[in-house]
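K.L.:
Structure below; questions to follow.
The values are calculated or read from the model by the stated rules, or taken from the named source; none is laboratory data. Here the structure is a predicted model, which means the values were calculated and not measured. Reconstructed Cβ throughout: ideal geometry from the backbone, glycine too, with neighbour counts over all protein chains shown. The accessibility values were calculated without ligands, DNA or RNA, using every heavy atom of the protein model including side chains. Shrake-Rupley method; radii C 1.70, N 1.55, O 1.52, S 1.80 Å.
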Amino acid sequence: MRGGGSAAFTAAWLASAALAQPSQSGLQPDAVFSDYPPVAQSSQLIARLASPLTAEQMRRALAGRSLDERPLDLSKERFVLYVPAKAPEGGYGLLVFVPPWNEAVLPNGWQPVLDRLGVIFVAAEASGNDANVLTRREPLALIAEANVEKRYRIDPALVFVGGFSGGAHVAERLALAYPDIFSGALLDAGADPIGDHAAPLPEAELFARFQATSRIYLLTGSKDQGRLDMATDAVSSLGRWCVANTASDEIPDAGHRIADPAALERALKALAAAPKPDGSRLAACRARVAHDEAAASEKVETLLAAGRREEAKKALIDLDARFGGLAKARSVALFERLAGG
């Protein structure tokens, strides 16, 4: 073998040997990540997490200026990462957690549950309720998921996003917009009805996946009445939008506090169960939604044809808020007609 070939072989062997080394386990309170995945870049966040008309208005506001795709400096971001020492045979589960507070901490008592179930926990620093949702909390969660998946062997069916209180609202948005990444969501003391500007629906292909395969688990303290009402409204909304793989659980004698270890274990076990959608029921529900979306679009068309522009604008805003990405093609075309006039 020639010298150049030998050197290349040695370099390749060293690279493969390095990859084969076991990644660090245990608690890593100041983890640093370097990979900035495409799904966390600004254009993808806008496309997935904003309603079509909001996204269109944001694009117009740029007026030819370039969008900063990677505004976060990952060398300055810190994460708390906990990795159980023993990996399950099929790969680790992963819980990407969005906290309401700024400190990145592993909640008390959660470590033994994560060890038993083989689930990695990761959360970002400075990602609390006072941080911007679109420019910090959501991209940091996606960055965390991508980097953990790069470092460890993860079972793709067991990748969950979760959050407590305000973080649960962010987790729900991420689960809805990224069902190709997150297979489920743990919503602890916080949830929204979907199909409005707070939680706009994604485009049809993604939403079909969310309906059929995503698992949503809502946890609420039995004495946390305001959040119990939120959970009831959210579950009802998910049902109306044909999302059947949902479960709601109460933590006995608990107010507005993060899940205790027993509740966390119930939630993670439920999320790990394979979804079993009712095909015929799902098809009928989707047909109803498609009919309602067509009727709402037709209403805007009719008002516009009649010259009732202000009413048409209001109806278009309602269409965009309610159906989001499901009505993208029609709502953007109608927006262009109204803007042109």
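K.L.:
By DSSP, what percent of the beta bridges with both residues in the chain are antiparallel, rounded to the nearest 5?
P.N.:
25 percent
K.L.:
Among Pro275, Ala295, Cys285, whose Cα lies farthest out toward the positive end of the dipole of the stretch 274-335, if unit charges sit on the beta carbon of Lys, Arg (+1) and Asp, Glu (-1)?
P.N.:
Highest projection toward the positive end goes to Pro275.
K.L.:
For the stretch 54-193, what proportion of DSSP beta bridges, expressed in % and rounded to the nearest 5, is antiparallel? Walk me through the numbers before you get to the answer.
P.N.:
Values: 4 of 20 bridges.
The antiparallel proportion sits near 20 percent.
K.L.:
Ordering Asp320, Asp30 by how much accessible area each has at a 1.4 Å probe, largest first, what is the list?
P.N.:
Asp30, Asp320
K.L.:
So what J values fall out for the stretch 194-210 if you push phi through Karplus, 6.51 cos²θ - 1.76 cosθ + 1.60 with θ = phi - 60°, rounded to Hz, Gly and Pro as x?
P.N.:
8, x, 8, 5, 6, 9, x, 6, x, 5, 3, 5, 5, 5, 4, 5, 4
K.L.:
Could you go through the stretch 245-262 in sequence order and give the Karplus-derived ³J(HN,Hα) for each residue, using 6.51 cos²θ - 1.76 cosθ + 1.60 with θ = phi - 60°, rounded to whole Hz, and x for Gly and Pro?
P.N.:
8, 10, 9, 10, 9, 10, 9, x, 6, 10, x, 8, 9, 5, 4, 7, x, 5
K.L.:
Sorting check: for 277-286, 201-210, 176-185, which peptide has the highest mean count of neighbouring beta carbons within 10 Å, and how do the rest follow?
P.N.:
Going from most to least packed, we get 176-185, 201-210, 277-286.
K.L.:
Counting other Cβ atoms within 10 Å, keep those with at most 13, restrict to DSSP loop, and tell me which chymotrypsin sites (Phe, Trp or Tyr not before Pro) in the stretch 88-165 are left.
P.N.:
On the way: sites: Tyr92, Phe97, Trp101, Trp110, Phe121, Tyr152, Phe160, Phe164; in loops: Trp101, Tyr152.
Within the stretch 88-165, no chymotrypsin sites (Phe, Trp or Tyr not before Pro) qualify (loop, at most 13 other Cβ atoms within 10 Å).
K.L.:
Can you give the net charge of the other residues whose Cβ lies under 11 Å from the Cβ of Met230, counting K and R as +1 and D and E as -1?
P.N.:
Combined, the nearby Lys, Arg, Asp and Glu give -4.
K.L.:
Per the helix-only calculation at 222 nm, which mean residue ellipticity applies to the chain, given -39500 (n - 2.57) for every DSSP H run of n ≥ 4 and division by its residues, nearest 500 deg cm²/dmol? Walk me through the numbers before you get to the answer.
P.N.:
Details: 12 runs with 164 residues, N = 341.
My calculation for the chain gives -15500 deg cm²/dmol from helical runs alone.
K.L.:
Related question: So what does Lys314 come to for accessible area, using a 1.4 Å probe and Å² rounded to 10?
P.N.:
Roughly 130 Å² of Lys314 is accessible to a 1.4 Å probe.
K.L.:
Something else: Modelled label-to-label distance, Asp196 and Gln57, 7 Å Cα→beta-carbon offset: nm?
P.N.:
The modelled label-to-label distance comes out at 1.7 nm.
K.L.:
While we're looking at this one, here's another question. Would you mind computing, in nm to one decimal, how far apart the modelled labels at Ala270 and Arg65 are, each placed 7 Å from Cα along Cα→Cβ?
P.N.:
4.6 nm
K.L.:
Which net charge results for the neighbourhood of Ser34, defined as the other residues with beta-carbon distances under 15 angstrom from its beta-carbon, given Lys and Arg at +1 and Asp and Glu at -1?
P.N.:
Here the count lands on -1.
K.L.:
Using the Cα atoms as the points, what is the convex hull volume per residue of the stretch 235-341 in Å³?
P.N.:
Working: hull volume 15.9 nm³, N = 107.
Taking only Cα atoms, the stretch 235-341 has a hull volume of 149 Å³ per residue.
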